[in-house]
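Remarks on the structure that follows.
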Amino acid sequence: MTLQPPLAIEATGLVKSFGKTRAVDGVDLTVRRGSVYGVLGPNGAGKTTTIRMLATLIGPDAGSGRVFGHDIVEDANAVRGIVSLTGQLASVDEELTGRENLILLGRLLGLKRPEAKERAGELLEAFGLVEAAGRLVKHYSGGMRRRLDIAASIVVTPQLMFLDEPTTGLDPRSRNQVWSIVRALVAEGTTILLCTQYLEEADQLADRIAVIDRGKVIAEGTPAELKASVGSGSLHVRLLDPEQRLDAARVLDRELGAVTLDADPAALSAAGADADRAAEAVAELTRSDVRIADFSLGQPSLDEVFLALTGHLADASAEHADPIEVEQAA
Amino acid sequence: MSTITTTQAPPPAPQASPTTGADEVAVRTAISSIARPPNANPLSAALAFGWRGMLKIKHVPEQLLDVTITPVLFVVMFTYLFGGAISGSTGDYLDYLLPGILVMSVLFTTIYSGVALNTDLTKGVVDRFRSLPIWRPAPLLGSLLGDSVRYVLAGTVIIVVGLILGFRPGAGVIGVIAALGLVVIFAVGMSWVFATLGLLLRSPSAVLNAGFLGIFPLTFLSNVFVEPETLPAGLEAFVEVNPISILVTASRGLMEGNAQAGDILIVLAVAAALTAVFAPLTTRLYRKH
């Protein structure tokens, strides 16, 4: 027993209702120390509510949870001492400057004033925010705000960090920066619970993934296991011109069927492709004057995993649902 | 141009330049270079939140203007419009009016405590505060600390305007400071009411509207502008028991050097009662939000 490394998160049967809606309906999670655990699901699946329970912001209606052995209800303050939260809304004060935000958090976490100042300076430097340090956060770009948000979460290094949709609304460049920060955190031993609706993001960062839909975990495993459970491969195409994506989608839909549009605005995928049919489809794209940056034939994407698991598309309930995705594969 | 690989196309390599983005090595160093200090004690947590309130005043000083401009206009307008009619001379009326306007402007400012709290709740930052290992009431007490500074500033603006227009308090500087202190203590009690409102209502503007809806009649139906004896009997009875009238009377007394201890005690008791009821209520609502 004692030789077993303790689990970072151990949650059983978590339930939370708001009025008549069961936002979280019996979620079990087991997260090993030092790993990145992805919680993947569309908007409204119950990801944020799960995080809010584990971060002690709201109490569960039923079920129990432990964070590094501390009960999230009975021992909430001990949990608060070892976790930090980067919320879906940026969890920084927009009416203060970046530097002031970090000093404030340092002081709230028990640093003396000079220590808090020094720590703020160190973090601003590491996160490339020195020039913006004296500006009010409300004038920051989305990417800068996210970086500050994550910096604020490591003013004192947490053992467990909740990252709730850290790249929603970011451009690809800022997204890559956030990803590299997450990798640095992991390399230093922080455990991360990452909620995301971007399947690519979970695939890139997470060691294990729980797919959550309508308040329930519907699948759990490594990214590779999840993909393997779905079967046939896919053709992934990245275009030179994102404007041509709908044209490309029409061609691939005709040639292969089951087209999904990726998070990257220039990329799309089609399921059920073997090498011959994929080659034919790519040739057809070229004949239709769609300019291709690159393409690959690979395992099914997590989009397809989601489709296969739930029978509906991952972002069918999200606000940016796209008409082309009404195509059903299964 | 095109390449075929057997795995899914990799994303662009995470490139971060040290000047415009996060530097991965520096991030790793920053993570490993800090040891967890003992949790902040209740006082230093509350003081840190007080500092946050001060910074907000520093960054947006205009917000003080918002709440003082109306009372300043009232001082000027009422003094010159009604001074002669009500008190025989503008100077006499100013001596009567100014302590009342002081009360009014500081009480207007208390509404903004509720508005600020409500604004906070619509942002993610409160989630972060609530996920910290700090004494639960610290954010509320801290913002109250910042708010008190705001009340003192709002009161000072009115007093300075009064002095410019010719207000000459009989009890001098000490009397004025004592009156301001009493008004601020009462305002702290009132601000708990608006903090509760700030946690119950849905939007900052709803808090603002509800706040003014309450404060306007309470301050106008008092002895801020006119002696209660000049009012119809029913109204006079209300004005006499309105705690704001008693606060105004006590402030006038302190400024003129003839304050009644009884008035001051009533004011302090009302402030204490408001705090006793609404402070625990606010803390409970804030925790559950």
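The values are calculated or read from the model by the stated rules, or taken from the named source; none is laboratory data. No experiment lies behind these values; they were computed from the predicted model shown. For neighbour counting, all protein chains shown are included, and Cβ atoms are generated from backbone atoms with ideal geometry for every residue, glycine included. Accessible surface is based on the protein model in full, side chains and every heavy atom, while ligands, DNA and RNA are left aside. Shrake-Rupley method; radii C 1.70, N 1.55, O 1.52, S 1.80 Å.
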* Based on what the data block shows, is A:Val73 free of Cβ contacts under 8 Å to residues at least 24 places away in the same chain and either open to solvent by less than 10 Å² (accessible area, probe 1.4 Å) or among the hydrophobic types (A, V, I, L, M, F, W, C) (or both)? -> yes
* Subset tally (residues that are within 15 Å of B:Ser251 (Cβ to Cβ) and free of Cβ contacts under 8 Å to residues at least 12 places away in the same chain) for the stretch B:174-214 -> 3
* To do: Looking for whichever is surrounded by fewer than 21 Cβ atoms within 10 Å (Cβ to Cβ) and either in a helix (DSSP H, G or I) or among the aliphatic types (A, V, I, L, M) (or both) here; the options are B:Ala178, B:Ala187. Which one fits?
  => B:Ala178
* To do: Would you check if A:Arg80 is open to solvent by less than 50 Å² (accessible area, probe 1.4 Å), in the same structural domain as A:Met144 (by TED's automatic domain parsing), over 30 Å from A:Leu226 (Cβ atoms) and modelled with pLDDT under 95?
  => yes
* Selection within the stretch B:206-237 - part of a helix (DSSP H, G or I), surrounded by 12 or more Cβ atoms within 10 Å (Cβ to Cβ) and of a type in the set (Gly, Ala, Ser) -> B:Ala206, B:Ala210, B:Gly211, B:Gly214, B:Ala237
* Asked: For the stretch A:13-43, what are the residues that are open to solvent by 80 Å² or more (accessible area, probe 1.4 Å) and under 24 Å from B:Arg130 (Cβ atoms)?
  -> A:Phe18, A:Thr21, A:Arg22
* Structure fact -> Taking the stretch A:267-293 and keeping residues within 11 Å of chain B (Cβ to nearest Cβ) and touching a residue at least 12 places away in the same chain (Cβ under 8 Å) leaves A:Ala267, A:Ser269, A:Ala275, A:Ala278, A:Val282, A:Leu285, A:Arg291, A:Ile292, A:Ala293
* Asked: What is the residue count in the stretch A:225-248 for residues that are over 28 Å from A:Ala184 (Cβ atoms), assigned to a helix (DSSP H, G or I) and open to solvent by 70 Å² or more (accessible area, probe 1.4 Å)?
  -> 4
* Asked: Does any residue of the stretch A:112-122 turn out to be assigned by TED's automatic domain parsing to the domain that holds A:Gly142, under 23 Å from A:Thr48 (Cβ atoms), open to solvent by less than 10 Å² (accessible area, probe 1.4 Å) and within 27 Å of the chain's Cα centre (by Cα)?
  -> no
* Would you point out the residue of the stretch A:186-206, among those that are within 12 Å of chain B (Cβ to nearest Cβ) and not hydrophobic (A, V, I, L, M, F, W, C), that is nearest to A:Val79 (Cα to Cα)? => A:Thr190
* Could we say that A:Thr190 is under 19 Å from B:Pro133 (Cβ atoms) and out of contact with any Cys (no Cβ under 6 Å at 6 or more places or on another chain) here? -> yes
* Filtered residue count, the stretch A:271-289, keeping only those that are at pLDDT 85 or above and open to solvent by less than 10 Å² (accessible area, probe 1.4 Å) -> 2
* To do: Considering (1) over 16 Å from B:Met255 (Cα atoms); (2) in contact (Cβ under 8 Å) with a residue 12 or more places away in the chain, say which one B:Val161 fails and leave the rest.
  => (1)
* Structure fact -> Scanning the stretch A:290-303 for residues that are within 25 Å of the chain's Cα centre (by Cα) and hydrophobic (A, V, I, L, M, F, W, C), the one modelled with the lowest pLDDT turns out to be A:Leu302
* Asked: Is at least one residue of the stretch A:178-185 among the aromatic types (Phe, Trp, Tyr) and more than 9 Å from chain B (Cβ to nearest Cβ)?
  -> no
* Asked: Is it the case that the stretch A:23-33 has a residue that's of a type outside the set (S, T, N, Q), touching a residue at least 24 places away in the same chain (Cβ under 8 Å) and farther than 21 Å from A:Ile218 by Cα?
  -> yes
* Structure fact -> Counting only helices (runs of 4 or more DSSP H) entirely within the stretch A:1-108, those with at least 3 residues that are within 14 Å of another protein chain (Cβ to nearest Cβ) and in contact with a helix residue (DSSP H, G or I) (Cβ under 8 Å, 6 or more places away or on another chain) are A:98-108
